[in-house]
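J.: Before I ask anything, let me first share the structure, which is written out below as structure tokens.
The values are calculated or read from the model by the stated rules, or taken from the named source; none is laboratory data. Everything quoted here is computed from the prediction, not taken from an experiment. Reconstructed Cβ throughout: ideal geometry from the backbone, glycine too, with neighbour counts over all protein chains shown.
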Amino acid sequence: MIPNLQSLHIKQMTITLAGEALLAMHCDIAPGEVLTVMGPSGSGKSTLLAYLAGFLSPAFQAQGELYLGDKRLDTLPAEQRGIGLLFQDPMLFPHLSVAGNCRFGLPHRANDKRQQVAQALNQVGLAGFENRDPATLSGGQQARVALMRLLLSQPRAVLLDEPFSKLDTALRQEMRTLVFGQLREAGLPTLLVTHDEADANAAGGPIIALG
Amino acid sequence: MVLLPAFGYLPVLGADTFHLEAWQDLWAHAGLHRSVLLSYFSGLITALVALFIVVLFLAASQGTWIDRAIRRMVSPLLAIPHAAVAFGLAFLIAPSGLLVRWASPGLTGWERPPDLLIVNDPFGLALMAGLILKEVPFLLLMSLAALPQLRPEQRVTLARSLGYAPGIAWLKCVFPALYPLIRLPVYAVIAYATSVVDMALILGPTLPPTLSVSVLTWFNDPDLSRRFMASAGAVLQFGVTLAALLTWWLGEQGIKRLCQRWLANGSRASGATAIAFGGRALLLAVTLLAISALAGLALFSVAGFWRFPDALPGTFTLDHWQRILPGVATPLINTLSVGLAATLIAAVLVVATLEHAARHHLPALRAQWLLYLPLIVPQVAFLFGLVVAVESIAIRPQHALVVAVHLLFVVPYLYLSLSESYRRLDPRWVQVALSLGVPPWRAFWQVRLPLLLTPLLTACAVSLAVSIGQYLPTLLLGGGRVPTITTEAVAMASGGNRRLVAVLALLQALLPFIGFSLALMIPRLVWAKRRQMRGAA
């Protein structure tokens, strides 16, 4: 098991654009918990994600602090925060193979990279897919590779940006179970942004409504 | 630096007082007025005709296979250097050229080449034809690059649902929005055409030549005091280009006024058929002319004995190639080394700028217009100043200097062709990479660059082609010591053996083609196993 699981703390966060307050939030997300943020488009969901992940455009001003356990994150650049992202598109790098995509996220000094990748693919029913071109995979398969790529990079918290909205209905339920199951098992604090009530229900955690 | 000598100040030549003698000499020069008028009008007329052809085609174009085929034929024409097009056209329309041969004696009854001054005609018509051949592909590609952001299909569909014929719908609803986006390229065309040197040397009038050619002649005159006159001429050239641009701008305002009423007068179909036929026919004619010009070059380069008015040479031979190839090794190496060095440096500069802008979420460069200045200011005007400056700090003409001056022209084109793809790349790719814990430099090398490989290579091919085509910068800053294929070919224009010239011009046209072919092939080979990288990107 992964040692010392930590909570994500969003403290007194307010984001303003040209002096006008866009959104404010103050909350904690426990290890293995999924906090759902719901709101219509334009309610600042993507701004929230950009702030947490470290991609906020300088046009916005953010106040408040972001902690993982007692480590302050909001002063760190994106690549040092240890916050993983899943978008509505799988965003598999089209120039790399399936294995290449998985290895991309592995820490540089990891041992047995090949075996770790094989194991991860096996876990989501894609054993033997290492050398496939991501473009030849079905939507569901791509989503599963993206999830394993995320987990292999050993994040300490995860952000989900409407990750199921582009899947068809049958697949959606299956992916929800898979993603939430894996994240809970890994004990990661997770923030889910969505406008689909069913996502929030499947996440089974607290819900915050924006806008 | 070009202003000082124009007013008599050039310490290197012992002239350190200011006076107006150079201007008096210039004014007194026979044929000056004609030179000025030639430059002024050839710039305006060619820009007008080229824009007319492009706009008419775009209005007529419906995305049918014929339209797509014409477009595909036009794009490679952009890669052919000006000098090569000029030679090809000269060989096509000359009294003993291909067109006369094909029409004789059947249509014309000529048994020997007619005694007509077609190439180098005193009104510059041949020069204008050559310029139009190069300007049409340039303006067309610039328009095609700008069009998608206007969503032309939507606009045309809307107008057609209101009863407008397709061509009229395009002219009334798309063109007014398109023109501001291609204004800069149009200005560049006018500036180039008013001050072009290499094409004017090949196709332009000789007695007197265009202003830019006169200036070059004075500058290279063994009598060094002519330098003052050349400098004054360069300043005058700047004024002529400015006047042409100003005239165009006034014309723009006038046409805008006049068209307000036409745009909203409700006329829906008048002229639609003319547009549909004329638009396609004109562009097709331009394309075919350019292609036959190249084919003519190829034919002349292997022609043996060729009696007038036979349509084809009696014998074919590789003699000309064999005779010229040993001698072109040095120019060829110079062309490639300068081109590759300039392209490499420009690519590093441009990519670094774009990457910096992307990382810091900077909007498009506000100083962008500065980058395009070398494309709008006439070469003759500022290159002479550059030469004077370089001489005054005692830097000798050399390779590095030629590379440096090529950069002035290569960087803007590379920036133009790469910045759009760079900005349009989904920012989430790099965000995903960073969120996986990869540092920014790895995200750049392993994600952004591979995803942008195709546009990057295309941009490099464009800049290589631009460098290969440079005549005046190479000639002036190389001081004749850095001969390239282009300078050699143009140098042979006046006296040269037509067949040898054809070989050189073909070589000159071939090099950019190799560049573009590589830019197309490399991604296909590298991404042979990656479907999405071959299709989209």
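J.: Find the residue count for region B:314-343, including only residues that are under 25 Å from the mean Cα position of the chain (by Cα) and either surrounded by 14 or more Cβ atoms within 10 Å (Cβ to Cβ) or among the acidic types (Asp, Glu) (or both).
T.: Total meeting the criteria: 13.
J.: Which of the residues spanning region A:143-174 are within 11 Å of another protein chain (Cβ to nearest Cβ) and not in a loop (DSSP other than H, G, I, E, B)? Spell out how you get there, then give the answer.
T.: So the first thing to find is which residues in region A:143-174 are within 11 Å of another protein chain (Cβ to nearest Cβ), and the list is A:146, A:149-159, A:161.
Answer for region A:143-174, where residues must be within 11 Å of another protein chain (Cβ to nearest Cβ) and not in a loop (DSSP other than H, G, I, E, B): A:ALA146, A:ARG149, A:LEU150, A:LEU151, A:LEU152, A:ALA157, A:VAL158, A:LEU159, A:ASP161.
J.: Can you work out which of the residues in region B:495-536 that are part of a loop (DSSP other than H, G, I, E, B) and under 16 Å from B:LEU457 (Cβ atoms) is modelled with the highest pLDDT?
T.: In this case the residue turns out to be B:TRP527.
J.: Take the residues of region A:77-103 that are surrounded by fewer than 20 Cβ atoms within 10 Å (Cβ to Cβ) and in a helix (DSSP H, G or I): which is nearest to the other protein chains (Cβ to nearest Cβ)?
T.: Top of the filtered list is A:GLU79.
J.: Confirm whether B:LEU246 is part of a helix (DSSP H, G or I), surrounded by fewer than 20 Cβ atoms within 10 Å (Cβ to Cβ) and under 20 Å from the mean Cα position of the chain (by Cα).
T.: Considered against the rule, which asks whether it is part of a helix (DSSP H, G or I), surrounded by fewer than 20 Cβ atoms within 10 Å (Cβ to Cβ) and under 20 Å from the mean Cα position of the chain (by Cα), B:LEU246 comes out as no.
J.: In region B:433-449, which residue that is assigned to a helix (DSSP H, G or I) and within 15 Å of A:PRO77 (Cβ to Cβ) is farthest from the other protein chains (Cβ to nearest Cβ)?
T.: B:PHE444
J.: Pull up region A:48-70, narrow it to residues that are more than 19 Å from the chain's Cα centre (by Cα) and either away from chain B (no Cβ under 14 Å) or in a strand (DSSP E or B) (or both), then point me to the one that is surrounded by the fewest Cβ atoms within 10 Å (Cβ to Cβ).
T.: Initial filter on region A:48-70 (more than 19 Å from the chain's Cα centre (by Cα)): A:57-65, A:70.
Now drop any that are not either away from chain B (no Cβ under 14 Å) or in a strand (DSSP E or B) (or both), which leaves A:60-65, A:70.
On the way: A:PHE60: 15, A:GLN61: 14, A:ALA62: 18, A:GLN63: 13, A:GLY64: 15, A:GLU65: 14, A:ASP70: 7.
The qualifying residue surrounded by the fewest Cβ atoms within 10 Å (Cβ to Cβ) is A:ASP70.
J.: Right, another one. Considering region A:179-206 alone, what residues qualify as being of a type outside the set (Asp, Glu), in a helix (DSSP H, G or I) and surrounded by fewer than 18 Cβ atoms within 10 Å (Cβ to Cβ)?
T.: The first filter runs over region A:179-206 and keeps only residues of a type outside the set (Asp, Glu), leaving A:179-184, A:186-195, A:198, A:200-206.
Filter once more, so that each one left must be in a helix (DSSP H, G or I): A:179-184, A:186, A:198, A:200-203.
If the condition is that a residue be of a type outside the set (Asp, Glu), in a helix (DSSP H, G or I) and surrounded by fewer than 18 Cβ atoms within 10 Å (Cβ to Cβ), then A:GLY181, A:ARG184, A:ALA198, A:ASN201 are the ones that fit.
J.: Further question: Is it the case that region A:106-116 has a residue that's in contact (Cβ under 8 Å) with a residue 24 or more places away in the chain, part of a loop (DSSP other than H, G, I, E, B) and at the interface with another protein chain (Cβ under 10 Å from one of its Cβ atoms)?
T.: Yes, because at least one residue in region A:106-116 is in contact (Cβ under 8 Å) with a residue 24 or more places away in the chain, part of a loop (DSSP other than H, G, I, E, B) and at the interface with another protein chain (Cβ under 10 Å from one of its Cβ atoms).
J.: Kindly provide the set of residues from region B:249-278 that are part of a helix (DSSP H, G or I), among the charged types (D, E, K, R) and surrounded by 12 or more Cβ atoms within 10 Å (Cβ to Cβ), ordered by number.
T.: Residues satisfying the conditions are B:GLU252, B:LYS256.
J.: Every residue in region A:117-142 that is free of Cβ contacts under 8 Å to residues at least 24 places away in the same chain and assigned to a helix (DSSP H, G or I), please.
T.: A:ALA118, A:GLN119, A:ASN122, A:THR136, A:GLN141 - these are the residues of region A:117-142 that are free of Cβ contacts under 8 Å to residues at least 24 places away in the same chain and assigned to a helix (DSSP H, G or I).
J.: Got at least one residue in region B:458-467 being surrounded by fewer than 21 Cβ atoms within 10 Å (Cβ to Cβ), away from chain A (no Cβ under 14 Å), in contact (Cβ under 8 Å) with a residue 40 or more places away in the chain and in a helix (DSSP H, G or I)?
T.: Yes, region B:458-467 contains at least one residue that is surrounded by fewer than 21 Cβ atoms within 10 Å (Cβ to Cβ), away from chain A (no Cβ under 14 Å), in contact (Cβ under 8 Å) with a residue 40 or more places away in the chain and in a helix (DSSP H, G or I).
J.: Separate question: Please work out if B:ARG428 is surrounded by fewer than 18 Cβ atoms within 10 Å (Cβ to Cβ) and in contact (Cβ under 8 Å) with a residue 60 or more places away in the chain.
T.: Working: surrounded by fewer than 18 Cβ atoms within 10 Å (Cβ to Cβ): yes; in contact (Cβ under 8 Å) with a residue 60 or more places away in the chain: no.
Criteria not met by B:ARG428.
J.: Hey, another quick one. Inside region B:135-233, counting only helices (runs of 4 or more DSSP H) that do not spill past its ends, which hold 3 or more residues that are of a type in the set (Gly, Ala, Ser)?
T.: Helices (runs of 4 or more DSSP H) meeting the threshold: B:175-195.
J.: A:MET148 versus (1) farther than 28 Å from A:TYR51 by Cβ; (2) buried (at least 17 other Cβ atoms within 10 Å of the Cβ): which is the lone unmet condition?
T.: Here A:MET148 clears every test but (1).
J.: Mind listing just one residue for me: the one in region A:117-137 that is under 13 Å from A:ARG103 (Cβ atoms) and small (Gly, Ala, Ser) and, of those, nearest to the other protein chains (Cβ to nearest Cβ)?
T.: A:ALA120
J.: Looking at region A:89-138 only, could you name the residues that are under 20 Å from the mean Cα position of the chain (by Cα) and modelled with pLDDT under 90?
T.: Hits for region A:89-138 are A:GLY105, A:LEU106, A:PRO107.
J.: Can you name the number of the only condition in (1) modelled with pLDDT of 90 or more; (2) buried (at least 23 other Cβ atoms within 10 Å of the Cβ); (3) closer than 30 Å to B:ALA293 by Cβ that B:THR486 fails?
T.: (1)
J.: Only residues that are out of contact with any Lys or Arg (no Cβ under 7 Å at 6 or more places or on another chain) and either at pLDDT below 80 or surrounded by fewer than 21 Cβ atoms within 10 Å (Cβ to Cβ) (or both): list them for region B:205-228, please. Before you say what the answer is, go through the steps one by one.
T.: Initially, region B:205-228 is screened for residues out of contact with any Lys or Arg (no Cβ under 7 Å at 6 or more places or on another chain), giving B:205-207, B:209-217, B:220-228.
Answer for region B:205-228, where residues must be out of contact with any Lys or Arg (no Cβ under 7 Å at 6 or more places or on another chain) and either at pLDDT below 80 or surrounded by fewer than 21 Cβ atoms within 10 Å (Cβ to Cβ) (or both): B:THR206, B:LEU207, B:THR217, B:ASN220, B:ASP221, B:PRO222, B:ASP223, B:LEU224, B:SER225, B:ARG226, B:ARG227, B:PHE228.
J.: Kindly evaluate B:SER392 against the criterion of being more than 14 Å from chain A (Cβ to nearest Cβ), more than 29 Å from A:LEU86 (Cβ to Cβ), among the hydroxyl-bearing types (Ser, Thr, Tyr) and crowded, with 18+ Cβ neighbours inside 10 Å.
T.: no
J.: Can I ask one more? I'd like the full set of residues that are out of contact with any helix residue (DSSP H, G or I) (no Cβ under 9 Å at 6 or more places or on another chain) and on the phi > 0 side of the Ramachandran plot, limited to region A:33-63.
T.: Matches in region A:33-63: A:GLY42, A:GLY44.
J.: Could you list, in sequence order, all residues of region A:160-178 that are surrounded by 23 or more Cβ atoms within 10 Å (Cβ to Cβ) and within 20 Å of A:GLY105 (Cα to Cα)?
T.: Scanning region A:160-178 gives A:LEU160, A:PRO163.
J.: Return a yes/no flag: does region B:376-397 have any residue that is under 26 Å from B:VAL503 (Cβ atoms) and outside the structural domain of B:VAL189 (by TED's automatic domain parsing).
T.: Narrowing region B:376-397 to residues under 26 Å from B:VAL503 (Cβ atoms): none.
Checked against the condition, which is being under 26 Å from B:VAL503 (Cβ atoms) and outside the structural domain of B:VAL189 (by TED's automatic domain parsing), region B:376-397 yields no hits at all.
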